[in-house]
1. Looking at (1) in a helix (DSSP H, G or I); (2) more than 16 Å from the ligand (Cβ to nearest atom); (3) without any contact (Cβ under 8 Å) to a residue 60 or more places away in the chain, find the lone condition where GLY151 falls short.
2. Can you find, within the stretch 120-133, the residue that is nearest to the ligand (Cβ to nearest atom) among those that are in contact with a strand residue (DSSP E or B) (Cβ under 6 Å, 6 or more places away or on another chain) and farther than 14 Å from LEU86 by Cα?
3. For the subset of the stretch 89-105 comprising residues that are of a type outside the set (Lys, Arg) and exposed (fewer than 14 other Cβ atoms within 10 Å of the Cβ), which member is nearest to the ligand (Cβ to nearest atom)?
4. Tell me, which helices (runs of 4 or more DSSP H) wholly within the stretch 174-233 include 2 or more residues that are surrounded by fewer than 14 Cβ atoms within 10 Å (Cβ to Cβ) and at pLDDT below 95?
5. Show the residue pairs meeting these rules: Cβ distance below 9 Å; 6+ apart or different chains; first residue within the stretch 114-136 and closer than 21 Å to GLY98 by Cβ and among the small types (Gly, Ala, Ser); second residue within 10 Å of the ligand (Cβ to nearest atom) and not in a loop (DSSP other than H, G, I, E, B).
6. Based on this model, can you work out whether ARG111 counts as surrounded by fewer than 24 Cβ atoms within 10 Å (Cβ to Cβ), closer than 22 Å to TYR59 by Cβ and not β-branched (Val, Ile, Thr)?
7. Is one or more of the residues making up the stretch 65-82 farther than 22 Å from ALA197 by Cα and more than 14 Å from the chain's Cα centre (by Cα)?
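The values are calculated or read from the model by the stated rules, or taken from the named source; none is laboratory data. Predicted model, so just to flag it, every value in this text is computed and none were measured. As a convention, Cβ positions derive from the backbone with ideal geometry for all residues, glycine included, and neighbour counts pool all protein chains shown.
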Amino acid sequence: MTDDTRSPLHRPVGHHADHAGDEHTATGPRQQTEGNAAAGPIETVLLDRDGTLIIDVPYNGDPSLVEAMPAARSALDRLRAAGLTLGVVTNQSGLARGLITEDQVAAVNARVTALLGPFATWQICPHDDAARCRCRKPRPGLVHDAAAALGETPRRCVVLGDRLRDVAAGSAAGASGILIPTASTPHADIRAASTVAVSLHAAADLIIARRQPPTGRRNSRSPDRLSTYAVLS
Ligand SMILES: [Zn+2]
């Protein structure tokens, strides 16, 4: 009772379920023993902003430059329709560096909401590395704060992001994590992540499957679902 009892969120995406205990799981740095069936389903999805919800424009303070990631709206709406609560956890060190203002961040975030729909909580770290704050990802403060704001426990949250620091923040807080790489994601991040999805839609597939596990089919994997993933490392 090892691999078969693990949730889909902790399977190496793109590998056949019968071989889930292969080298990828054996070498993954953050294989978790919690977050399994005993922890209950995922209720809350916490999303990185830049490079995950929207195209990354470094230190952007101009809402007119905000562009949603491809198919992001429909993927988020699938999660909403499945009953999941959505929140945003974002590092904005441009504030500490004096490159953007709080008003600009608020304007950009308002544009994100206009494009992608409502989020139940926004948690923003305004610091840079020098501040050694509790909240700058990969530290877990934003995840803890988002969970607290929603009356949720981190173990029922999953963090989605395009960098290892996003999923590491989730892991540090006791949440699950799914890396959704872009072209600029370091390959080392992809190799180190325990769960990787090729798109927000693929991540939504994993999350919804865990929320609503198919009865009587717990050891089978739908070919349709598997086909939406790719081996990335
Ligand atoms: Zn901070």
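1. (1)
2. So, considering only residues that are in contact with a strand residue (DSSP E or B) (Cβ under 6 Å, 6 or more places away or on another chain) and farther than 14 Å from LEU86 by Cα, the one nearest to the ligand (Cβ to nearest atom) is CYS125.
3. Start the filter on the stretch 89-105 by keeping residues that are of a type outside the set (Lys, Arg), which leaves 89-96, 98-105.
Checking the rest, the ones that are also exposed (fewer than 14 other Cβ atoms within 10 Å of the Cβ) come to 98, 101-103.
Details: GLY98: 16, THR101: 17, GLU102: 14, ASP103: 19 Å.
Once the filter is applied, the top-ranked residue is GLU102.
4. Result: 223-226.
5. Hits for this filter: ALA131/CYS125.
6. So ARG111 passes the test.
7. There is at least one residue in the stretch 65-82 that is farther than 22 Å from ALA197 by Cα and more than 14 Å from the chain's Cα centre (by Cα).
This table checks each residue for (1) of a type in the set (Val, Ile, Thr); (2) more than 10 Å from the ligand (Cβ to nearest atom); (3) in contact with a Leu (Cβ under 7 Å, 6 or more places away or on another chain); (4) outside any helix (DSSP H, G or I).
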{"residue": "ARG73", "(1), (2), (3), (4)": "no, yes, yes, no"}
{"residue": "ARG111", "(1), (2), (3), (4)": "no, yes, no, no"}
{"residue": "CYS135", "(1), (2), (3), (4)": "no, no, yes, yes"}
{"residue": "VAL143", "(1), (2), (3), (4)": "yes, yes, yes, no"}
